[in-house]
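The values are calculated or read from the model by the stated rules, or taken from the named source; none is laboratory data. For clarity, every value in this text was computed on a predicted model and none was experimentally measured. Neighbour counts are summed over all protein chains in view; Cβ atoms, including those assigned to glycine, are modelled from backbone coordinates with ideal geometry. Calculation scope for accessible area: heavy atoms of the full protein, side chains included, ligands and nucleic acids excluded. Shrake-Rupley method; radii C 1.70, N 1.55, O 1.52, S 1.80 Å.
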Amino acid sequence: MNVFVINSGSSSIKYQLISMPAARVICSGMVDRIGLEESKVEYRAFLPEGLKSREENLPVPGHAEGLRAVAAFLTDPEVGVISDPSQVHVVGHRVVHGGEKFSQTQLITEEAKAMIQELFPLAPLHNPANFLGIEVAEKIFAQAKQVVVFDTAFHQTMPAVAFRMAIPNEYYEKHKIRSYGFHGTSHKYVSERAAEYLAKKGPKLITIHLGNGCSMAAVKEGRCVDTSMGLGPMNGLIMGTRVGDVDQSVIFHLVQQLGYSLDEVNTVLNKKSGMLGLTGFSDMRDIRARYEAGEKAAILAYQMYAYHIRKFIGAYAAVLNGLDAIVFTAGVGENDALTRTLACADMDFLGIKLDAAKNAEPGKGLREINQEGSPVKVLVVPTNEELEIAKQCYDLLA
Ligand SMILES: Nc1ncnc2c1ncn2[C@@H]1O[C@H](COP(=O)(O)OP(=O)(O)O)[C@@H](O)[C@H]1O
Ligand SMILES: CC(=O)OP(=O)(O)O
Ligand SMILES: [Mg+2]
């Protein structure tokens, strides 16, 4: 079964074609900077004769054009891996928000599509792009089964004490206002890899996903018991452009004292805050360079970013009543040693003892970066949301 996995973000599409159940990656790549100048389509094919890759800088005004460019690579006479789109049997879509009704992996229905659209306001950077991905893939891969895998699914095991908010009951009962949590596919994938590595039954884990969006989860016996994101993917940790936890009074102040409309407030908190608001840059590599150069704003932003991670580590160690390992993952978590250093600083009372040399070593796969004998393991586990989505598609349909 050939599963084409699409992870559509606000300005990018990551994709992999995976042969299941062997979990063999046939090709993978990404469309970057959609809608901006210098958009780019990357494609890597793992052919019997070796790797063939292509990178093309071409205008990609929208997701439809991006996916069409990818489909053209897939069937290209020289670097292609299939002769016809019908050789894609299943398309697996990452969808960020499915609300309370849609959290299980399932075939796309008109009802699910309507719900994904209804939730645009709650996940404005993600659901619209996810929806477009579905609409375009239904046209390009017309014979394939289309499956949705929700970011919220893994967090459905949270108990009510964690997911309810102390607002009047009717808002939950009538309107389903509660914490949902996101990046669930990633938290699930890395917590399973970590549990295998630790070879311990039902370990107590804190998974720390640091990409453009950032979130943490407390995982006990393979189940999520708490997570840092809520009704939408804006709260919790400081992110690339999103604010993370903020005092609600700020919202009223912006509206009532500074005259902002609610749309403007939303734009500020979702798109202009976080590391971008603090430093002028949202990409951690740019901020890192300024940190190294001793720029004050970058130093404070890094410290704040790590401080919020440390607060959640403390909170989740309490929630779990103990801790076997903390797990860093995603673009920043896997690659940025400085973030890990700052996030693990002064945590020896909790048993977290980072090994500076191991942490600084660049690596690729799962690795342990704690000191010998550290009571809590510190792991870097590369995430693979695409593989997890392909597995779930296979389990649903095989
Ligand atoms: N080598 C690196 N060092 C530091 N940060 C990195 C490195 N590689 C990627 N990143 C950061 O990872 C983030 C993107 O992570 P990613 O998981 O790809 O996010 P998303 O899936 O949300 O697009 C960016 O902030 C980028 O700067
Ligand atoms: C939910 C979310 O924040 O996703 P991403 O990190 O891909 O933006
Ligand atoms: Mg991501």
inquiry  = Taking every alpha carbon pair in region 335-380, what does the distance histogram look like in 10 angstrom bins from 0, in percent?
reply    = 30, 59, 11
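What is the percent carbon and sulfur in the accessible area of the chain, measuring with a 1.4 Å probe over the protein chains and ignoring ligands? Present the calculation step by step, with values, prior to reporting the outcome.
Values: 9330 of 18070 Å².
With neighbouring chains kept in place, the figure for the chain is 52 percent.
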query = What length, rounded to one decimal in nm, is gained on full extension from residue 120 through to residue 368, with 0.36 nm per residue of separation minus their alpha-carbon distance?
reply = 85.4 nm
Distance between region 86-129 and region 210-232 - C-alpha centres, whole angstrom = 20 Å
Cross-link partners of residue 174 among aspartates and glutamates (Cα-Cα below 13 Å; sequence separation of 8 or more within a chain) = 100
task = Kindly identify region 1-58 as rounded, prolate or oblate by the Cα gyration tensor criterion: order the square roots of the eigenvalues as a ≥ b ≥ c, call it rounded if a/c is under 1.5, otherwise compare a/b with b/c, prolate if a/b is larger, else oblate.
result = oblate
ask   = Looking at the chain, what % of its DSSP beta bridges pair antiparallel, to the nearest 5?
value = 70 percent
inquiry  = If I model a spin label as a point 7 Å beyond the Cα along the Cα-Cβ vector, how far apart are those points for residue 396 and residue 157 in nm?
reply    = 2.0 nm
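Report the full-extension gain for the segment residue 318 to residue 252: residue separation times 0.36 nm, less the Cα-Cα distance, to one decimal in nm. Please list the in-between numbers first.
Working: separation 66, 0.36 × 66 = 23.76 nm, distance 3.21 nm.
Taking 0.36 nm per residue and subtracting the Cα distance, the gain is 20.5 nm.
Can you tally the net charge around residue 23? Count Lys and Arg as +1, Asp and Glu as -1, for every other residue whose Cβ sits under 15 Å from the Cβ of residue 23. The partial results should precede the final answer.
Details: positive: 24, 193, 391; negative: 192, 196, 385, 386, 388, 395.
Net of charged neighbours comes to -3.
For the chain, which span is the longest to avoid every loop-located (per DSSP) member of trypsin sites (Lys or Arg not before Pro) having at most 11 other Cβ atoms inside 10 Å? Don't skip to the end; give the middle numbers.
Numbers: sites that count: 101, 201, 364.
The segment 202-363 is the longest one with no such site.
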inquiry  = Just to verify a number: FRET efficiency for residue 307 and residue 176, C-beta to C-beta distance, R0 = 45 Å, to 0.05?
reply    = 0.90
task = Give me the distance in nm between label points sitting 7 Å out from Cα along the Cα-to-Cβ direction at residue 299 and residue 192, one decimal.
result = 4.4 nm
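In nm, what is the difference between 0.36 nm times the number of residues separating residue 169 and residue 260 and their Cα-Cα distance? Don't jump to the answer; show the numbers that get you there.
Working: separation 91, 0.36 × 91 = 32.76 nm, distance 2.95 nm.
Difference between extended and current length: 29.8 nm.
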message = Could you tell me how far the Cα centroid of region 369-398 sits from the Cα centroid of region 239-307, in Å?
response = 29 Å
ask   = Solvent-accessible area per residue for the chain at a 1.4 Å probe radius, Å²?
value = 45 Å²
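Rg/Rh for region 105-172: what does it come to with C-alpha atoms and Rh from Kirkwood? Can you show the working numbers first?
Numbers: Rg = 15.0 Å, Rh = 14.1 Å.
We get a ratio of 1.07 for region 105-172.
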note = Projected onto their principal axes, the Cα atoms of region 240-292 stretch, largest extent first, over whole-Å spans of 39, 18, 15
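How much net charge surrounds residue 177 when only other residues with a Cβ under 11 Å from its Cβ are counted (Lys, Arg +1; Asp, Glu -1)? It would help to have the intermediate numbers written out before the result.
Details: positive: 164, 174, 176, 178; negative: 100, 170, 173.
Net of charged neighbours comes to +1.
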remark   = Hits for the chain under the membrane-span-like helix rule (DSSP H, Cα axial span at least 24 Å, Kyte-Doolittle mean at least -0.5) are 296-320
query = Cα to Cα, under 23 Å, and not fewer than 8 places away if on the same chain: which lysines meet these conditions relative to residue 176?
reply = 101, 113
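For the chain, what does -39500 (n - 2.57) per DSSP helix run (n ≥ 4), summed and divided by total residues, give at 222 nm, in deg cm²/dmol to the nearest 500? Could you put the intermediate results ahead of the total?
On the way: 15 runs with 146 residues, N = 398.
Value at 222 nm, helices only, nearest 500: -10500 deg cm²/dmol.
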remark   = Heavy-atom accessible area with a 1.4 angstrom probe orders 208, 108, most exposed first, as 108, 208
message = Along the Cα→Cβ direction, 7 angstrom out, place labels at residue 289 and residue 23. What is the inter-label distance in nm?
response = 3.7 nm
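What Kirkwood hydrodynamic radius do you get for region 200-380 when you take the inverse of the mean 1/r over all pairs of distinct Cα atoms, in Å?
Numbers: mean 1/r = 0.0586 Å⁻¹.
So the Kirkwood estimate lands at 17.1 Å.
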Formal net charge of residues neighbouring residue 94 (Cβ-Cβ distance under 10 Å; K, R +1; D, E -1) = -3
remark   = By the C-alpha gyration tensor axes a ≥ b ≥ c (rounded if a/c is under 1.5, else prolate when a/b exceeds b/c, else oblate), the shape of region 4-125 is oblate
remark   = region 286-316 scanned against label point 7 Å out from residue 200 along Cα→C-beta; backbone N under 19 Å for 313-316
task = Give me the Kirkwood hydrodynamic radius of the chain, using the inverse of the mean 1/r over all pairs of distinct Cα atoms, in Å to one decimal.
result = 21.9 Å
